[in-house]
Amino acid sequence: MKCELTTNSVVTTERICRPITITKLENFCENLHNTDWSFTYSSKSAQTAFSSFFSSFLDLYYHCFPIVTLKLHTQKSQSKWYNDELRNMRETLKAVDIMRKSPGAAEGQIGRINKYGKSTENVLC
């Protein structure tokens, strides 16, 4: 769930999540290890055993990784000159750069790039 509140060019976004940290993960593993799972062996059917196991597992999961609400504060952009056209150009250049640097890039696909960053061929697929 996202909620945006705007005050004085600062945008506050709330994000609901379950942060999983190393400490919480270690605590979860320890709780799993220390739980008595013998009730799963004494169940009359596999369905009952699985339901009981899964219920206990989820209880431990919810206990070790509680839901938290994070508030993210960001400055609202004041730059009117940085528009969607420039944003798309930037993303295209980043994609071409990634293709150029990838080990499987064939010369015929993106052309040769000289040391000044200019293409020696006008080929961009």
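The values are calculated or read from the model by the stated rules, or taken from the named source; none is laboratory data. Values in this document were obtained by computation on a predicted structure and should not be read as measured data. Cβ atoms come from the backbone with ideal geometry, glycine included; neighbour counts cover every protein chain shown.
General observations
- Test: residue in the range 5-13 that is surrounded by 13 or more Cβ atoms within 10 Å (Cβ to Cβ), under 23 Å from the mean Cα position of the chain (by Cα) and either of a type in the set (A, V, I, L, M) or modelled with pLDDT under 80 (or both): yes
Let's see how each residue does on (1) in the same structural domain as Ser9 (by TED's automatic domain parsing); (2) surrounded by 11 or more Cβ atoms within 10 Å (Cβ to Cβ); (3) in contact (Cβ under 8 Å) with a residue 12 or more places away in the chain:
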position	(1), (2), (3)
Lys44	yes, no, no
Ser55	yes, no, no
Leu58	yes, no, no
Tyr61	yes, yes, yes
Lys71	yes, no, yes
Glu85	no, no, no
Asn88	no, no, no
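- Of all residues in the range 71-125, those being touching a strand residue (DSSP E or B) at 6+ places or on another chain (Cβ under 9 Å), among the charged types (D, E, K, R) and modelled with pLDDT under 75 number 2.
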